[in-house]
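Accompanying notes for the structure given below.
Coordinate-derived values only; no laboratory data. Note that the structure is a prediction, hence the values are computed from the model and not measured. Glycine also receives a Cβ, built like all others from the backbone with ideal geometry; neighbour counts cover every protein chain displayed.
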Amino acid sequence: MLHDIQCNFVITERIRTQAFFAVAGNLGALKRYLFAKLYSLLVAPTQIIIVMYMPPSTATTSWTLKCTDLPQFDALEAEADLFRTDDKLHLRNLCNNSARCAGLTVVYTTPGHRKIVYDYSRQRVTGETIALLFHLADAVGLAERREAMRTGQRINLTEDRPVLHHVLRMPADFHFVRHDPMAGKEGGAQATDGATTLRNVHEVRERVRDFAERVRSGAYKSVKHKHFRNTIVIGTGGFKIGPQFVADALQADPAAMHGSAGRRLLFLSNMDPVDFSTVAGDLDPAETLVVVVSKTFTAPETILNARTAKTWLVQNMAVGGITENEIVGKHMIGITSNPTLCQKFGIRRENIYMLWDWVNPRFSVCSAAGLLPLSIHFSSEVLSEVLNGAHDMDKHFFHAPLGDNIPVIMGLLGVWNSTFLGYHCRAVLPYSHAMRSFPNFVQHVDMESNGKRVALDGSSLLHRSAEITLGEPGTNVQNVLMQLMHQGRPFPADFIGFMEAQQHIHLENEALSNHDELMSNFFAQPDALAYGKTLVDLIQEGIPEPLREHMVFNGNRPSSSILMTRLDAFAVGQLIAMYEHRTAVQGFIWGINSWDQFGVELGKVLATHIRSQLSASRKTGASVQGFNSSTSSLLEHFLAHGKHPEPTSTEKTL
């Protein structure tokens, strides 16, 4: 059988015995075979059989290699067909095999008596499925692509940029070496050697720390000589969604609560005037700092909101000889890659913080875009723990063997569920109210990154990429998604829970604390989705015959469970990096560019033409021209409404 140890073996297991063994993607063929034989001796019921040979790994750093061209892809399609047709592969059968379940769990321990337990035993997989997924990862060169990302190669091919958000959380003394063929050819702030890149990052971090501490201590005061107690962050996409998640997640954490006492942090992203009114309505401008985050400083939503905030500040404080320049200079901070436009807006050079071209907004929460407002609000010490947690997960992703690597397994399961089993959606379900913004964060990171129609070489994909991400915190989710998941359209879910509560409540006459009640549902729902309830169960329970079919649950709904020690700043950083890297893994397998976002721009371009039309029609009465009949008709209705309105009592002009 071992006439050619260069061959890679795909190891399978009989459904009747279902014992999982770890097949790490970077093990050699002989090691895999010997491990399988050893496992077969130790676990008596297990029958391990070599079912097929494959040629030596085709791992390559060629970014145009397509997973659909590989025999490993075909093998997984055949595997998926088995799951559609073989009742023995229903989760109620798979989950009753304790050996299998024990094998489909990763426990990652970090310093400080904390752990992450990742249990994917309720996924529709067997040991064979996992082996096939790792062989696909080998064949597309997942380990090589991961290494290219780690070392700063220009894996964002369409924009010719590296992807280096992991550098944003590296300690200053971390040994970081970049392997970029353009090294030494750029110079300046976009330097390409690792030491310079990391030094630039820490120069900005030190400036952020210094400014945040001056604001918090009162050394940096407003033009009215008041302490800044309110911070408004103006930005769209990841510049808002990432920091918003961190702010919500730490709102009830004891250390973060202490740091944020007496402060308010608000986010403004929508052009809708209601958003500005809601955010600024009850704030004292003399105690409000405005942080404007825009990579190019041209994003229309951000710049309009920045002008609105600027006008609000000036109109409320330009008295007693205080000038607009003084107000903007003190009260507005810029975070951008375009300091020239930022200065033209009126923001002082010393109040501008750098974003490099390799900082993608949806991966920017660990840059100044997130660090500065969050450090002002919670303290630099709290945010340092977020960075430490993210860096910890970065190290796990880049260095842990693939078979024990949580983001890698998450990404491979995402590919399995969407590409092979055909699920179009997935749910992110944190059983923590503090995590209520996390589904939105994951939705943004994943859908904007992997929602692509072409491979890296521009050819059309033969499969769909990305999934529609839904989510709601438990137990709210039970009234939002569970009916659909149980008896409507099934889709996979990630359940996220914590062993410790941020806030403890245990009423005197209650059997359990509030947190234990919450976690009872965390543990129950994955089993309910997996097992369901059969007609036989209902008959045995004495359910009246007319109701039985209405109460049948087919089960076989896949899910994973992530159980963490506690939700604090370190854990928040781990979760951010974990899901960022999960997204990267799926993109690497699919052979797409997860780092550009051209789909975001088309509607904005068309909106500029409509903006010009609205301006001309409002000011000069110009007729609507140059649009299709549907858009023209809608514009005419819009413009005709209230052509000469009487001002209402609620209207005001800034």
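Computed quantities for the displayed model
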| read-out | value |
| --- | --- |
| Packing rank of 88-99, 306-317, where each peptide gets the mean count of other beta carbons within 10 Å, highest leading | 306-317, 88-99 |
| Cross-link pairs beyond the 30 Å C-alpha cut-off, checked among Lys221/Lys295; Lys344/Lys643; Lys330/Lys604 | Lys344/Lys643; Lys330/Lys604 |
| Val274-Thr620 pseudo-label distance in nm [points 7 Å out on the Cα-to-Cβ vector] | 3.4 nm |
| Eligible aspartates and glutamates near Lys310 by straight Cα distance, threshold 13 Å, same-chain separation 8 or greater | Glu324, Glu326 |
| Rounded to the nearest 20 debye, dipole of the chain from Cβ charges on Lys, Arg, Asp, Glu | 1260 debye |
| Computed FRET value (nearest 0.05) for Ala318 with Asp193, which takes r as the C-beta separation and R₀ as 35 Å | 0.15 |
| Theoretical gain in end-to-end length, Ser217 to His399 [0.36 nm per residue, Cα-Cα removed] | 61.5 nm |
| Protection-proxy order for peptides 320-327, 475-482, each taking the mean of Cβ atoms within 10 Å per residue, highest first | 475-482, 320-327 |
| Order of Met170, Met393 under a 10 Å beta carbon neighbour criterion, fewest first | Met170, Met393 |
| Estimated FRET transfer efficiency (Asp527, Arg307; beta-carbon r; R0 45 Å; 0.05) | 0.25 |
| Dipole moment magnitude, nearest 20 debye, region 60-219 about Cα centre, only Lys, Arg, Asp, Glu C-beta charged | 800 debye |
| FRET efficiency, 1/(1 + (r/R0)^6) with R0 41 Å, evaluated for Arg489 and His175 via beta carbons | 0.25 |
| Cut-off 15 Å between beta-carbons: net charge of the residues surrounding Thr298, Lys and Arg +1, Asp and Glu -1 | +2 |
| Listed residue (Ser294, Gln540, Gly237) projecting farthest to the positive dipole end of the chain, Cβ model | Ser294 |
| Cβ-placed point charges (K, R +1; D, E -1), dipole of region 188-380 about Cα centre in debye, nearest 20 | 360 debye |
| Computed lengthening from Arg566 to Val107, 0.36 nm per intervening residue step minus Cα-Cα distance | 163.8 nm |
| For region 506-534 and region 554-607, distance of Cα centres in Å | 27 Å |
| Under 20 Å from the Glu144 label point (7 Å along Cα→beta-carbon), backbone N, region 459-497 | 459 |
| Per-residue [θ]222 nm for the chain (sum of -39500 (n - 2.57) over DSSP H runs n ≥ 4, rounded to 500) | -13500 deg cm²/dmol |
| Among Asn556, Phe627, Gln586 the positive-end extreme of the charge dipole of region 535-635 (Cβ point charges) | Phe627 |
| Tilt relative to the chain, helix 29-42 - C-alpha long axis, 0 to 90 degrees, to 10 | 60 degrees |
| Listed residues Ile130, Phe267, His399: farthest to the positive end of the dipole of the chain (Cβ charges) | Phe267 |
| Set Lys88/Lys395; Lys452/Lys533; Lys115/Lys240 screened for pairs whose C-alpha atoms are more than 32 Å apart | Lys88/Lys395; Lys452/Lys533 |
| Whole-angstrom Cα spans of region 188-380 along principal axes, big to small | 51, 41, 33 |
| Rg(Cα)/(2.2 N^0.38 Å) for region 141-292, N = residue count | 1.31 |
| Ratio of Rg to Rh over region 372-424 (Cα coordinates, Kirkwood Rh, two decimals) | 1.23 |
| Of (1) 27; (2) 41; (3) 32, the label for percent of Cα pairs over 45 Å apart derived from the coordinates | (1) |
| By average C-beta atoms within 10 angstrom, highest first, the peptides 355-361, 253-259 | 355-361, 253-259 |
| Surrounding net charge for Met435, when Lys and Arg each add one and Asp and Glu each subtract one, Cβ distance under 15 Å | -4 |
